[in-house]
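*Asks:* Please find one structure pasted underneath; my questions will follow.
The values are calculated or read from the model by the stated rules, or taken from the named source; none is laboratory data. Just so it is clear, the model here is predicted, and its values are computed rather than measured. Note that each Cβ is placed from the backbone with ideal geometry, even for glycine, and that neighbours are counted across all protein chains shown. In case anyone asks, the SASA skips ligands and DNA or RNA and just uses the protein heavy atoms, side chains included. Shrake-Rupley method; radii C 1.70, N 1.55, O 1.52, S 1.80 Å.
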Amino acid sequence: MRQGRLSMSALELIQINLFSPVILCFFLGIIATLVKSDLRFPEPLYQALSIYLLLAIGMKGGFAIRASTESGILLALVSGIILSALIPLWAYPILRFMGRFNKADAAAVAAHYGSVSVVTFLAATTFLSAIGVHYEGFFPALVAVMEIPGIIVALLLIGRSREEPTPWFESFYTVLSGKSVFLLIGGLAVGYVSGEQGMTKVEPFLIAPFHGVLCLFLLEMGMLASRRFGDLKRVGKFIITFGVLMPIANAIIGILVGSLIGLSQGGAFILGTLASSASYIAAPATIRLAVPEASPALYLTSSLAITFPFNLTIGIPLYFTIARWLIPA
Amino acid sequence: MRQGRLSMSALELIQINLFSPVILCFFLGIIATLVKSDLRFPEPLYQALSIYLLLAIGMKGGFAIRASTESGILLALVSGIILSALIPLWAYPILRFMGRFNKADAAAVAAHYGSVSVVTFLAATTFLSAIGVHYEGFFPALVAVMEIPGIIVALLLIGRSREEPTPWFESFYTVLSGKSVFLLIGGLAVGYVSGEQGMTKVEPFLIAPFHGVLCLFLLEMGMLASRRFGDLKRVGKFIITFGVLMPIANAIIGILVGSLIGLSQGGAFILGTLASSASYIAAPATIRLAVPEASPALYLTSSLAITFPFNLTIGIPLYFTIARWLIPA
Amino acid sequence: MRQGRLSMSALELIQINLFSPVILCFFLGIIATLVKSDLRFPEPLYQALSIYLLLAIGMKGGFAIRASTESGILLALVSGIILSALIPLWAYPILRFMGRFNKADAAAVAAHYGSVSVVTFLAATTFLSAIGVHYEGFFPALVAVMEIPGIIVALLLIGRSREEPTPWFESFYTVLSGKSVFLLIGGLAVGYVSGEQGMTKVEPFLIAPFHGVLCLFLLEMGMLASRRFGDLKRVGKFIITFGVLMPIANAIIGILVGSLIGLSQGGAFILGTLASSASYIAAPATIRLAVPEASPALYLTSSLAITFPFNLTIGIPLYFTIARWLIPA
Amino acid sequence: MPVKTQTMKRISIVAEAIIAERLIDDIIRLGASGYTQTAAEGRGSRGVRASEWEGRNAKIETIVRPDVAEKILERLTSHYLKNFAVIAYTHDVEVIRGDKY
Amino acid sequence: MPVKTQTMKRISIVAEAIIAERLIDDIIRLGASGYTQTAAEGRGSRGVRASEWEGRNAKIETIVRPDVAEKILERLTSHYLKNFAVIAYTHDVEVIRGDKY
Amino acid sequence: MPVKTQTMKRISIVAEAIIAERLIDDIIRLGASGYTQTAAEGRGSRGVRASEWEGRNAKIETIVRPDVAEKILERLTSHYLKNFAVIAYTHDVEVIRGDKY
Ligand SMILES: Nc1ncnc2c1ncn2[C@@H]1O[C@H](COP(=O)(O)O)[C@@H](O)[C@H]1O
Ligand SMILES: Nc1ncnc2c1ncn2[C@@H]1O[C@H](COP(=O)(O)O)[C@@H](O)[C@H]1O
Ligand SMILES: Nc1ncnc2c1ncn2[C@@H]1O[C@H](COP(=O)(O)O)[C@@H](O)[C@H]1O
Ligand code: NA
Ligand code: NA
Ligand code: NA
């Protein structure tokens, strides 16, 4: 397996990624909307799946940190935070001056690209396990910390210019106590404290079925994403280009950073994918309240209907090819 | 096991069927309603279980088709379609002239018996696995295609006679894109394309717990069926007789067809059970919109409160006895 | 393992209990409320988890009874019923005369301590399996029968004094057909009748993931319990003291009874924990309707916000220490 | 041709979920031809209550003739207001298919 | 400074869930600027119906100008009342942001 | 003996779910004695919004005295109408237990 991977062509990588049940279910969801199927996930099911996935990622990560002898977690966390914080700083001027967005819209979109997408992270780990490449076990912790800084920085960017601005620390607290970050960090703590004996008992529920549950979740994500395809015309060409090029640029930066701080090939690839991904849970909820004048049509469409599908299908094998090229296994 | 089965008496078969957790849970649901328990399945749970079961059947079937070396799937599909299409043609005149139903009611009931019941299919496969009898892996595909033709034929039967008839192809599209057929066919495709590597990963979620989830689902089905028992008096004796004799006749026809096209003993039994079963998901939804003047009390009560429990308890061992008698193992 | 347990200090027992994923998730739920996280379990998820847990406990118990050669189940059932019935008889005068509660409030609280808490039972079995101590398999049956008598006796205590009293047998029937008792008893029957072949098939859904599902459930329970912490001030010191001392006293009585009727060390510990626990599902629902003038703030706060967390954290290792002291392994 | 409508009373009741079934029985018994129920949450002047465990609040609406409305409000006042968390209000509505109520 | 409000018609429809989508299409086509839908359960003068399988009842509300209200009630009467489980009623409400309807 | 009722204002608000908590805080702060909330879906004149991710629309109802109603409508107009998806309407209702509001 390990050797096989080295010789895989980019095409083979794309194929392995596209033909995994998880990605196929995402396509199935898109098709469901296109053919106007009456298939609907009841809202509580969507929420239940989210709670399950976030708690399970967290617990698995907490246990991995406890069990591992890997060093470098601190360095990785700090790098992740800085990376997330910097992305909006270069996304904002691009949106503002090349895209001619107003301040609110530019900051709102920038916040989304600074934050990360949990499902994109999961698709990346799925891909790695399909091609048999190892990655560091502490990544769930990284996902949790990388959700926040990008949003805060983007808010600071427009903070001064508004009449009744939400103080940044209020937004910081909102994201930190928000359900996605809370479940990730809470799960990390539970997994870390309960250790091996605990994990053995919850394994049949939280680990073994994880991949299958993810399929179900991506079926719903496909439906949600494709319901926004209609908005693509409305938001204009600039944002579509932005939604494809920005993630590629961020992925390369992320992979380079990962390589610099000594992550494994797989680890650098995941850091790149995280950097490239755009949030569609934590960020929209925070931004909607903190910057209500920004248009959700812009930031949701770009993160959910452009960048998310792009990363899921082409981005992941592409970023791995780049990581493989830069870092020896 | 294989030999044991050949010598099992009909009574033993009935007992094996009735004492499986799945059927016992169905009875438990009936009892819950009879004793007026406040047990209720929240609607989203019912929908989540349906989505899970349909997707899992589909994926399992898709993988089975890919993995199998069995030929005859095409012949089986064509036979299934023809069988489904013919059943309403002989059910309709019986309902119309022996039952003295008006055109709308006769066509509506006929449509339900032309279509198939997914849960009855699952109960039949559960039964086969309990007695250790093999059946062809392509049956989930058959379930998907057999849901549709009976409904369309029944609609054609009354089409001309109505003022503002829904065109049949509109109904065809409604069933095809309807969630049950969509999930079955979608699951088939996902399972087929992702193949063994994919299935290994989703197996702990979609295959291993399947039987247990089915128990939960049948608990709810028991409650739903027994809530209709009160209507039995209202709908009259004819429909009760029809709801018992029609499935037996259709089962025999189905088994004979299965035997003719060279299915295994188990396969012919399943084809018979499919033919005998009456839809209570795809058909009611389609018929309610396409033939609103038909009385749901008639078609739901007969399919759900008569034929479904009959098949689940007595029908299945009976049809297997017939199949065993007609076809050597 | 077996030997290790004998030498474990009370502190080690507390630690094993507190650091299990189940109890950690309970704390996580408490924290979620304290930090005002927007994490919410949709109501249908809470109900789905309850249905799953109750049915699974029941089926596991039914199968255990069938498979076991243990005698003494009848004696245990009778003892459990008597124990449940007697607890309100001594709780009532304490509440009435030491706590100066009016009749309705005293009877309502007494009813809750006479009944039992299913989740506390599960936490106790989780604890036993973590330290490797055996207990009798028939306990799920005991849980079912011990839910009811305490409520009935408490209702009889005030029955005469009220204008329009609900007859006790009406309440008896309400509890018996209520979803929690119904699922437990129904599950017992299904598990007993379907036996080993049946259980093998449902095991991957109903048994293996049980512990993990319990984690999720306790996350929600932590949120529910801590939402009541605010009422602690309002209800006064007496009820807080009562909510801690009453369970300890009842646990000791339960352990003694268990020892008298020849239960194992683990079994006596569980009987003690059951006696000590206070209901927060069956009892509140019944009492709210039968004694509407009693204050829910009193009985829910004491059972859910005091006794439940106390038992879960300190009670369980404490009761086991007592059982270990009284009964040789 | 304008649709013929008829004036009726609409009663809205918000109550803790545990008494929903009883309320509905009473409503039908007092002469309502039907009811509609939705799940609701809320806060009022009362504190905690058991309904949290049995589901949230229930919102029950019924369209009735004025005399039936009067009876239902009386029943609510005499049997539920004191011990249960419940509010009720009423106003006039124009219904189509007026004969069915 | 008192808020400026405008009088409009509120139509409430309770119908078996399976026709909800059709009803909404009709409502929008007849001139409503929007609608709000909630899931409901209920009992009326009709017996069983297929909607149990497709979800419960749907309660659809729309705020419209009186002339649009009239058209919607007409449509309900002519196309739905006979064969489907559905009720509808209407009354006056004061809306803010009246220009948006 | 007829039930004594009192005339109050009922305000209905339909808003994207994400602002529900804020709205409720405002309502209570402005003098409402309670509120009732149901989950809703809907379509209006605005396009997409974040609420899809946080749950659907929230429908909030509150029974208040006319002066409180006025204050709530003012608050909605000044703080929410511009940037959020929200509608509101009001009408008179007769309540039992009028003293509690
Ligand atoms: N002023 C109000 N406006 C709207 N709903 C209310 C109001 N007061 C109470 N409610 C509803 O009625 C329920 C019971 O109210 P209460 O008996 O005051 O606790 C609450 O949970 C709310 O859903
Ligand atoms: N009098 C009524 N008051 C309130 N809702 C009603 C009434 N009658 C019928 N409904 C609702 O309308 C639906 C359809 O009514 P029906 O067509 O009479 O079966 C029922 O399921 C109820 O939800
Ligand atoms: N004319 C209307 N009738 C009923 N509900 C409406 C109407 N217009 C808008 N709504 C509701 O109010 C929400 C917000 O409306 P809007 O701000 O126009 O997008 C929608 O999602 C609907 O639920
Ligand atoms: Na990012
Ligand atoms: Na059939
Ligand atoms: Na007890």
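*Asks:* Could you name the lysines in cross-link range of A:K60, using Cα to Cα under 20 Å and dropping any fewer than eight places away on the same chain?
*Replies:* Leaving aside lysines fewer than 8 places away in the same chain, those within reach of A:K60 are A:K179, A:K201, B:K201.
*Asks:* Could you give P(r) for the range D:6-100, binned at 5 Å from zero, as whole percent values over all Cα-Cα pairs?
*Replies:* 3, 14, 26, 24, 17, 10, 5, 2, 0
*Asks:* Shifting gears a bit: Note down the relative contact order for chain B as a percent, whole number, built from C-alpha pairs under 8 angstrom at least six residues apart.
*Replies:* RCO, chain B: 31 percent.
*Asks:* Follow-up. Given a 1.4 Å probe, show me the residues in the range D:77-98 buried by at least 40 Å² of accessible surface when comparing the whole protein assembly to the chain alone.
*Replies:* SASA drop of 40 Å² or more in the range D:77-98: D:L81, D:N83, D:F84, D:I87, D:A88, D:Y89, D:T90, D:H91, D:E94, D:I96, D:R97.
*Asks:* Given a cut-off of under 8 Å on Cα pairs at least six residues apart, what relative contact order in percent is computed for the range D:6-100?
*Replies:* This gives 51 percent for the range D:6-100.
*Asks:* Compute the acute angle (0 to 90°) between the alpha-carbon long axis of helix B:210-226 and the principal axis of greatest extent of the alpha-carbon atoms of chain B; round to the nearest 10°.
*Replies:* Approximately 20 degrees, to the nearest ten.
*Asks:* Expressed in whole Å with the largest first, what are the equivalent ellipsoid semi-axes of chain A derived from the C-alpha gyration tensor as the square root of 5 times each eigenvalue?
*Replies:* Taking √(5λ) for each Cα gyration eigenvalue gives 28, 23, 21 Å.
*Asks:* For C:V244, place a label point 7 Å out from Cα along the Cα→Cβ vector, do the same in each other copy, and report the separations in nm, one decimal, smallest first.
*Replies:* With the label placed 7 Å along Cα→Cβ, C:V244 yields 6.6, 6.6 nm.
*Asks:* When ligands, DNA and RNA are left out and all protein chains stay put, how many square angstrom of accessible area per residue does the range F:6-100 have with a 1.4 Å probe?
*Replies:* Here the residues of the range F:6-100 average 37 Å² of exposed surface.
*Asks:* Please list, ordered by chain and number, the residues whose modelled amide H lies under 5 Å from the amide H of B:S277; skip anything fewer than 5 residues away on the same chain.
*Replies:* Result for B:S277 returns B:S117.
*Asks:* Which of the lysines could a cross-linker span from D:K59 if the Cα-Cα distance has to be under 17 Å and same-chain partners fewer than 8 positions apart are dropped?
*Replies:* Partners within reach: D:K9, E:K59, F:K59.
*Asks:* With no solvent and one equal point scatterer per Cα, compute the Debye intensity ratio I(q)/I(0) for the protein assembly as shown at 0.06, 0.07 Å⁻¹ and report its log10, rounded to two decimals.
*Replies:* -0.55, -0.77
*Asks:* What does the accessible area per residue of chain C come to in Å², with a 1.4 Å probe and no ligands, DNA or RNA counted?
*Replies:* Counting only protein heavy atoms, the per-residue value for chain C is 35 Å².
*Asks:* Using a basic spin-label model with each label point 7 Å from the Cα along Cα→Cβ, how many nm lie between B:H134 and A:I314?
*Replies:* So the two model labels end up 4.7 nm from each other.
*Asks:* Same structure again: Tell me, how many Å apart are the Cα centres for the range A:280-303 and for the range A:1-72?
*Replies:* Cα centroid of the range A:280-303 versus Cα centroid of the range A:1-72: 24 Å apart.
*Asks:* Against the longest alpha carbon principal axis of chain E, how many degrees, from 0 to 90 and to the nearest 10, is the axis of helix E:66-79 turned?
*Replies:* Once rounded, one gets 10 degrees.
*Asks:* So, one more: Going 7 Å from Cα along the Cα-Cβ axis for the label, what nanometre distances separate F:R56 from the same residue across the other copies?
*Replies:* For F:R56, the inter-copy label distances come out at 1.2, 1.2 nm.
*Asks:* Follow-up. Specify the inter-centroid distance of the range B:162-239 and the range D:68-101, based on alpha-carbon positions, in whole Å.
*Replies:* So the separation of the two Cα centres works out to 41 Å.
*Asks:* Now for a separate question. Compute the angle between helix E:20-29 and the longest alpha-carbon principal axis of chain E, please, reported from 0 to 90 degrees and rounded to the nearest 10.
*Replies:* The helix E:20-29 is inclined about 30 degrees to chain E.
*Asks:* Axis carrying B onto C: which residue of B has the nearest Cβ, and how far, whole Å?
*Replies:* B:P44, 2
*Asks:* Please report the net charge: other residues with Cβ closer than 13 Å to the Cβ of B:V143, K and R +1, D and E -1.
*Replies:* -1
*Asks:* Summed for both chains, how many Å² of accessible area, to the nearest 100, are buried between F and D with a 1.4 Å probe?
*Replies:* Buried area between the two chains comes out at roughly 1900 Å².
*Asks:* Just to be sure I understand: if you take the accessible area of chain A alone plus chain C alone and subtract the pair, with a 1.4 Å probe, what total do you get in Å², rounded to 100?
*Replies:* For chain A against chain C, roughly 2200 Å² becomes buried.
*Asks:* Under the convention of a label 7 Å out along Cα→Cβ, give the distances in nm from D:D99 to the same position in every other copy, shortest first.
*Replies:* Sorted ascending, the copy-to-copy spacings read 4.6, 4.7 nm.
*Asks:* Rounded to the nearest percent, how much of the accessible area of chain E (1.4 Å probe, protein heavy atoms only) is carbon and sulfur?
*Replies:* So the carbon and sulfur contribution to the accessible surface is 48 percent.
*Asks:* What order do A:T174, B:T120, A:T200 take when sorted by accessible area (1.4 Å probe), most exposed first?
*Replies:* The most accessible residue leads, giving A:T200, A:T174, B:T120.
*Asks:* Relative contact order for the range B:1-139: what is it in percent, counting Cα pairs under 8 Å that are at least 6 residues apart?
*Replies:* It comes to 38 percent, rounded to a whole number.
*Asks:* Next question, about the same structure. In E, who owns the beta-carbon nearest the axis carrying E over to D, and how many Å from it?
*Replies:* Nearest to the symmetry axis by Cβ: E:T38, 3.
*Asks:* Using helices alone, I'd like the mean residue ellipticity at 222 nm for the protein assembly as shown: each DSSP H run of four-plus residues gives -39500 (n - 2.57), total over residue count, nearest 500.
*Replies:* Mean residue ellipticity, 222 nm, calculated: -20000 deg cm²/dmol.
*Asks:* Counting only the heavy atoms of the protein chains, how much of D:R97 is accessible to a 1.4 Å probe, in Å² to the nearest 10?
*Replies:* 50 Å²
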